[in-house]
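Structure, as structure tokens:
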Amino acid sequence: MLSDGAVYAGRPLGAAGETTGEVVFNTGMTGYQEILTDPSYAGQIVLLTYPLIGNYGINDDDFESDRLQPAGLIVREACDLPSNWRSTRTLHQLLAERGMVGIQGLDTRAITKRIRSGGVTMGIITHGDPDEALLRLRGTQVYGESDFVYSVTTKAPYAWGYAGKEGIEESSEGYRFRLAVLDCGLKHNILRRFAALNVRSIVLPAATPAEEVLAWNPDGILLSPGPGDPSRLEPVIEAVRHLLGQKPVFGICLGNQLLCHALGGRTFKLKFGHRGSNHPVKDLEDGTVTITSQNHGYAVDPDSLAGTGAVITQLNLNDGTVEGIRAAGVRASSIQYHPEAAPGPWDSRKYFLQFVEQMAGG
Amino acid sequence: METILVIGSGPIVIGQAAEFDYAGTQACKALREEGYRVALINSNPATIMTDRETADVVYIEPLNVDFCERVIARERPDGLLPTLGGQTGLNLATQLANGGVLDKYGVRLLGTPLSAIQQAEDREQFRRLMREIKEPVPESWIIESPDQLEAILDTVPYPCIIRPAYTLGGTGGGIAEDRETLWETGLKGLQLSMRSQIMIERSLLGWKEVEYEVMRDSKGNCITICNMENFDPMGVHTGDSIVVAPSQTLSDIEYHMLRTASLKIIRALGIEGGCNVQLAVNPNGFDYYVIEVNPRVSRSSALASKATGYPIARVSAKIAVGRTLDEIENQVTGTTKACFEPALDYCVVKIPRWPFDKFPNADRSLFTQMKATGEVMAIDRSFEAALMKAVRGLEIRQKDLKHPKYESMDDDGLRRAIAKPTDERLWAVAEGLRRGWGVEEVNRLSKVDKWFLQKISHLVGIERRLVEAGKLRGEGEDLSSLIAEAFLIGYPSASIRRLLGVESDDSPFGQVAKAEIERQKIMPVFKMVDTCAGEFESQTPYFYGTFETEDDALELRKAT
């Protein structure tokens, strides 16, 4: 049920129970396992527009974090008998095991079109009385007023190297660079990509003050993706402001919005966001277009960048929103989409290499 | 540039049928939209593209160098678009270029350079390029003596394929599972070959066959239109295979590994326009091989176009005259650009249409040479419903998955029918599942992916429940919800009536059942094919029927 009272009936999927969250849709045709473990979906009920979900099952390798992140899942049809050589269990089994409430068997295209025309809205998956459920839904804190970053960030610093997650105290020998990562809701594949380029990541809680970040003596700083309204993250923005100019900075998704705020710009909420694996982005510097993986509900306000020293480097070809900025004076740049893919196209992996080169420049 | 000459695909032959008329017509319209004068030559007057409205001037003449040169001399086109007329158009353009006709009249070839086309089509050049860009092609060995054969017995991967060079219809070839068979078959092949030469190639029988339709513009922007997964594993020509779009059994990593490979190939070749890449994928690992590339608008691109709503031929024509993907409008939405990748919120099933009903004595077995003369494509929200729709679209005797020939076949015969690809294998597979052989056993026999078999098993299960409900005369499960479920996964009303056994049953039960079928039959809705899974509002009225709640067409009718 949506907050406007529209009811869609379906069958239960995953854990029994009730869940509320902001209902968003993702148009990717593959990648449900990565989506379900992407912390940027915290507080959201994800609707997958492709109708047949779970076909290739769930495997042990494609998790993007240690737990299921969205508040709930909506699909047209969940596959009970998947087929793929790596599959170890079904979508339903994963959801039931980890306590996520989902629903299937409803007209997902109808809900998608409603969100497209009315904008994203809060929703509830329930098996109870609709009128009472609506009251509970309206009593729930809305997405934009909640702080999700502090609940998805790491509690204690850790490191990520060639062998994956490791203790912070282990040696950084054998790596080319050390990267400090402000974890606002990281996906593992970002760390995997850096490790493949001989970079050891030191992952820090989102609210780590600037001095503590610099105390790790990093060669560069990464502002990670994450959920929620960036303008609510003043302590993080404050830290970024102090870090600018000290070390090369690269931001991904929420990191792009945090960089914008730290430079003095503003962000705004998109009507229904960009979530999928097919968004075209134009690089204004060389004129090329890249197909990107996206998952964001907020965007940088281009007018707010005037006088901040930042320039717009990339635009979304569909709706003209800002997809990348650069503040050359403070060696900081960021992109709004996901070069780490997982899910989505691998076409923008070059940004990891570019940032490593920037770290080489000091 | 003012006038552009477009070469059509000529007579309809296997693998080159009405889809090239569709592509050519789209291209002519796109070029005129860009302000060019279009001259068209095609030897086949029974086409839409030769209608007066399609091109500015139409020549219905034989597709050979002499006639084409005369048309060029008369029309003096500035450019020639060869990549939309199938292999016929491409071959003729190559002859015109090599014969100096194009140079003589100052005609520029538009779109993909000829050198790139040759590189894609010449087996050796293509393999060399793939090795350069580190894309895997199936390993092969040329053997010209028994000594050479002996030397490789321990290095080749088994099973492998033996192909003697220059023998009629591949006589003397075969598959070797072990070194003894390879030694014997290889020696025989060497004797039979006129040049005493055989080729030994890694066998990919049983691997998944996956295709990607990709596009590139002159600025190097590359996109995927659609990927497709074959129901029949490697060994059956993709034109003879049941195909589903998008792929169903590839995880995100596998999907994008193959997508990345396809884009790397189209970049390396320097294609300007559409291109089709065929890959063989190990069902039990991350390895894959590049099988073939079609450097032009092909039969598969016509299917991808209809499956996604993305006008591949139209965009290819615009790319050929120098427009780039980020400039060309996405005609379907009217608000976004052609530079994006379609997102489907439905499942597409293609079944080839073979002419065996007209040639009952022809060999029905399917392998690497295409035999289908047409195809049907169906769209629905589930694989089962799309498959059932496609079966009905074939306009053959079978309207569902029951086939008397296989129902009456003994177990041994049926096992052989499941193992051997023919036009009727789908029904043999369904019968095997109906006999309770299980998905594992049918997969072992047919190598068809278990995902497809599970779905067919689901359909057969509904069949069984309908038959059971008919026997129990309404005493068993709820008839209304069973009928709803049957409709939802694609059973037509006639099949439901037949399975319930109420076709000519006027008893109270029969009447109730028939009334319920009629009542539910009128409840399908129409959903739009909009290239973007509902993300943007769309203008093109292209719909499919399905049993859901909201009707996209109804909204459109109200709006107008």
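The values are calculated or read from the model by the stated rules, or taken from the named source; none is laboratory data. A quick note: this is a predicted structure, and the numbers were derived from the prediction, not measured. Here the Cβ is made from the backbone with ideal geometry for all residues, glycine too, and neighbour counts use every protein chain on show.
Overview of results
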quantity	calculated
Any hit, the range B:258-269, residues being at pLDDT below 95 and surrounded by fewer than 22 Cβ atoms within 10 Å (Cβ to Cβ)	no
Condition met for A:ALA180 (in contact with a Leu (Cβ under 7 Å, 6 or more places away or on another chain), within 16 Å of A:ASP219 (Cβ to Cβ) and surrounded by 14 or more Cβ atoms within 10 Å (Cβ to Cβ))	yes
Test set (1) touching a strand residue (DSSP E or B) at 6+ places or on another chain (Cβ under 7 Å); (2) at pLDDT 95 or above; (3) not in a loop (DSSP other than H, G, I, E, B) - A:ARG192 fails condition number	(1)
Residues within the range B:471-491 that are touching a residue at least 60 places away in the same chain (Cβ under 8 Å) and buried (at least 16 other Cβ atoms within 10 Å of the Cβ), tallied	5
Residues located in the range B:120-136, provided they are buried (at least 19 other Cβ atoms within 10 Å of the Cβ) and in contact with a Phe, Trp or Tyr (Cβ under 7 Å, 6 or more places away or on another chain)	B:ALA120
Subset of the range B:331-375 (residues that are more than 14 Å from B:ASP240 (Cβ to Cβ) and in a strand (DSSP E or B))	B:LYS337, B:ALA343, B:CYS347, B:VAL348, B:VAL349
Residue match in the range A:66-77 (condition: within 14 Å of another protein chain (Cβ to nearest Cβ) and out of contact with any Pro (no Cβ under 6 Å at 6 or more places or on another chain))	yes
Total residues in the range A:225-239, condition touching a strand residue (DSSP E or B) at 6+ places or on another chain (Cβ under 9 Å) and surrounded by fewer than 24 Cβ atoms within 10 Å (Cβ to Cβ)	2
Test: residue in the range A:81-103 that is over 26 Å from B:LYS447 (Cα atoms), touching a residue at least 24 places away in the same chain (Cβ under 8 Å) and within 12 Å of another protein chain (Cβ to nearest Cβ)	no
Single match in A:THR154, A:THR140 (criterion: surrounded by 13 or more Cβ atoms within 10 Å (Cβ to Cβ) and not assigned by TED's automatic domain parsing to the domain that holds A:LEU243)	A:THR140
Criterion (farther than 20 Å from A:LEU2 by Cβ, touching a Leu at 6+ places or on another chain (Cβ under 8 Å) and among the hydroxyl-bearing types (Ser, Thr, Tyr)) met by exactly one of A:THR20, A:THR30	A:THR30
Selection count, the range B:61-80, where residues are out of contact with any helix residue (DSSP H, G or I) (no Cβ under 9 Å at 6 or more places or on another chain) and surrounded by 14 or more Cβ atoms within 10 Å (Cβ to Cβ)	4
All positions within the range B:532-546 that are modelled with pLDDT of 90 or more and farther than 22 Å from A:GLY119 by Cβ	B:PHE543, B:TYR544, B:GLY545, B:THR546
Qualifying residue in the range A:89-108 (condition: closer than 17 Å to A:MET1 by Cβ and of a type in the set (Ser, Thr, Tyr))	yes
Helices (runs of 4 or more DSSP H) (entirely within the range B:80-145) containing at least 3 residues that are within 23 Å of B:SER262 (Cα to Cα)	B:86-98, B:114-121, B:123-132
Unmet requirement for B:ALA378, which otherwise passes all of (1) within 20 Å of B:LEU453 (Cβ to Cβ); (2) within 19 Å of the chain's Cα centre (by Cα); (3) assigned to a helix (DSSP H, G or I)	(3)
Strands (runs of 3 or more DSSP E) contained entirely in the range B:166-274, each with at least 1 residues that are within 11 Å of chain A (Cβ to nearest Cβ) and closer than 30 Å to B:LYS389 by Cα	B:208-216, B:222-230, B:243-245
Filtered residue count, the range B:279-300, keeping only those that are touching a Cys at 6+ places or on another chain (Cβ under 8 Å) and either outside any loop (DSSP other than H, G, I, E, B) or among the polar types (S, T, N, Q) (or both)	2
Pair list, Cβ < 6 Å and 6+ apart or interchain, from the range B:225-238 residues that are polar (S, T, N, Q) to residues that are part of a loop (DSSP other than H, G, I, E, B)	B:ASN227/B:PRO246; B:ASN227/B:SER247; B:ASN230/B:SER241
Any hit, the range B:388-406, residues being touching a strand residue (DSSP E or B) at 6+ places or on another chain (Cβ under 9 Å), within 14 Å of chain A (Cβ to nearest Cβ) and in contact (Cβ under 8 Å) with a residue 60 or more places away in the chain	no
Selection count, the range A:287-322, where residues are among the hydroxyl-bearing types (Ser, Thr, Tyr), at pLDDT below 95 and either outside the structural domain of A:ALA342 (by TED's automatic domain parsing) or surrounded by 21 or more Cβ atoms within 10 Å (Cβ to Cβ) (or both)	0
Test for B:VAL297: is it surrounded by fewer than 23 Cβ atoms within 10 Å (Cβ to Cβ), away from chain A (no Cβ under 14 Å), of a type in the set (Val, Ile, Thr) and farther than 17 Å from B:VAL210 by Cα	no
Those residues of the range B:520-534 which are of a type outside the set (D, E, K, R) and either more than 11 Å from chain A (Cβ to nearest Cβ) or in contact (Cβ under 8 Å) with a residue 40 or more places away in the chain (or both), in sequence order	B:GLN520, B:ILE522, B:MET523, B:PRO524, B:PHE526, B:VAL529, B:THR531, B:CYS532, B:ALA533, B:GLY534
Per-region count, the range A:175-189, residues within 26 Å of A:ALA360 (Cβ to Cβ), small (Gly, Ala, Ser) and either assigned to a loop (DSSP other than H, G, I, E, B) or in the same structural domain as A:GLY119 (by TED's automatic domain parsing) (or both)	0
Identity of the residue in the range B:433-482, in a helix (DSSP H, G or I) and among the small types (Gly, Ala, Ser), that ends up nearest to the other protein chains (Cβ to nearest Cβ)	B:SER457
The range A:43-59: number of residues that are away from every other protein chain (no Cβ under 12 Å) and in a loop (DSSP other than H, G, I, E, B)	1
Number of positions in the range B:381-397 that are in contact with a Lys or Arg (Cβ under 9 Å, 6 or more places away or on another chain) and either among the aromatic types (Phe, Trp, Tyr) or assigned to a loop (DSSP other than H, G, I, E, B) (or both)	6
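Quick grid of which residues meet (1) within 12 Å of chain B (Cβ to nearest Cβ); (2) outside any loop (DSSP other than H, G, I, E, B):
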residue	(1), (2)
A:GLY264	no, no
A:GLY273	yes, yes
A:LYS282	yes, yes
A:THR292	yes, yes
A:GLY297	no, yes
A:GLY320	yes, no
A:GLU323	no, yes
A:SER348	yes, no
